[in-house]
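Report on the structure given below.
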Amino acid sequence: MLYLYKSCSDIPIFNFDVVYKTNDFKYLVVGYDGYADVKVPKGANERWEGIKNEWIELLDDNSIAHYYMLISECIYLQTRYQVVEMLLKQIFEQDGVMNDETLETYIQALAQWRYKWNRKNEKLSEIKRLIQQLQASKNKIELKNDELEKLQKDNENNGDASSLEKQAVILEQVTGKNNIDTRTTSVKKWIEITKVAQEINEQRSKKNGK
């Protein structure tokens, strides 16, 4: 039986790095080495989200937290746009056919996406008003997507400049450890080693008057 890694305490940093960069959930399976094919157990996406959230907390890095919040916001805004557009289109196309009960169902669905229908207004004028509101939301979506794209490019550039193996060598040099095996070192331990290395570098800088 196949099992998924549970947390940052047991998943190796190598596996985490692969999933983070490729979204290949096979590397969430305990013992997977990249050679034999495996069937990913159910719940992999939820498990990955939990591990990723724990990783953000362990890093205690606001920039990382902002990055993932931005991803979630972009997905929400885009989904909202598509759903609201579809709802308004159906109300418009079924004008004169849709009964009050069905219309109320649509109004409630719009409200779930923060589009409030004014029942005092005439139906077509209200559709037009909400379409204008929907079109205005495009600007926000574009701004958020631009911000996310910039952050993703920055992350890609940082990743190219410093691979996981290169990071391991740097950590070995700073901390004096002979071998940091990325395939056996857990994410949590990797983060702690990184923090120790940062502290050592800070102490050296202070000692050298930098």
Once the piece of chain linking SER72 and ASP37 is laid out straight, how much longer is it, given 0.36 nm per residue of separation minus the C-alpha distance between them?
9.5 nm
Three-way shape label, the stretch 15-131, alpha-carbon gyration tensor, a/c 1.5:
prolate
Under a Cβ-only charge scheme (Lys and Arg +1, Asp and Glu -1), can you give me the dipole magnitude of the chain about the Cα centre, in debye to the nearest 20?
420 debye
Using the alpha-carbon atoms, what tilt in degrees (0 to 90, nearest 10) does helix 187-207 show relative to the longest principal axis of the chain?
60 degrees
So if I place +1 on the C-beta of Lys and Arg and -1 on the C-beta of Asp and Glu, and nothing else carries charge, what would the dipole magnitude of the stretch 82-178 be about its Cα centre? I want it in debye, nearest 20.
380 debye
Mean-square fluctuation maximum in Gaussian network of the chain, Cα pairs under 10 Å, restricted to LEU124, LEU70, LEU134, hits LEU124
So how strong a dipole does the stretch 77-123 carry about its Cα centre when Lys and Arg Cβ are +1 and Asp and Glu Cβ are -1, to the nearest 20 debye?
320 debye
For the chain, find the longest principal axis of its Cα atoms and tell me its angle to the long axis of helix 44-59, 0 to 90°, nearest 10.
60 degrees
Kindly write out, for the stretch 166-173 in residue order, the coupling ³J(HN,Hα) from the Karplus curve 6.51 cos²θ - 1.76 cosθ + 1.60 (θ = phi - 60°), rounded to whole Hz, with x marking Gly and Pro.
5, 4, 4, 5, 4, 5, 4, 5
Springs between alpha-carbon pairs under 10 angstrom, Gaussian network model over the chain: which of GLU54, GLU199, GLU149 fluctuates most?
GLU199
VAL83-VAL196 pseudo-label distance in nm [points 7 Å out on the Cα-to-Cβ vector]
4.7 nm
Which ³J(HN,Hα) values, rounded to whole Hz and listed in residue order, are derived for the stretch 113-121 from phi using the Karplus coefficients 6.51, -1.76 and 1.60 in 6.51 cos²θ - 1.76 cosθ + 1.60 with θ = phi - 60°, glycine and proline given as x?
9, 6, 10, 8, 8, 8, 5, 7, 7
Report, please, the projected area of the chain averaged over directions, based on the convex hull of its C-alpha atoms, in nm².
17.7 nm²
Helix 62-93 sits off the longest principal axis of the Cα atoms of the chain, rounded to the nearest 10 on a 0 to 90 degree scale, by 20 degrees
Calculate I(q)/I(0) for the stretch 64-157 by the Debye formula, one identical point scatterer on each C-alpha and no solvent, and give its log10 at q = 0.13 Å⁻¹ to two decimals.
-0.53
Signed unit charges on C-beta, dipole axis of the chain, positive-most listed residue ALA109, LEU130, VAL196:
VAL196
What FRET efficiency comes out for ARG183 versus LYS150 if R0 is 35 angstrom and r is the Cβ-Cβ distance? Round to the nearest 0.05.
0.60
Provide the per-residue ³J(HN,Hα) series for the stretch 127-135, in order, calculated from phi with Karplus coefficients 6.51, -1.76, 1.60 and θ = phi - 60°, each as a whole number of Hz, with x at glycine and proline positions.
4, 4, 4, 6, 5, 5, 5, 5, 4
Distant-in-sequence amide H partners of LEU4 (H built 1.01 Å from N, under 5 Å):
VAL30
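Since every read-out is calculated from the coordinates, none of them should be taken as a lab result. Because the structure is predicted, anything quoted here is derived from the model rather than measured. Ideal geometry is used to build each Cβ from the backbone, glycine not excepted, and the neighbour counts take in all protein chains shown.
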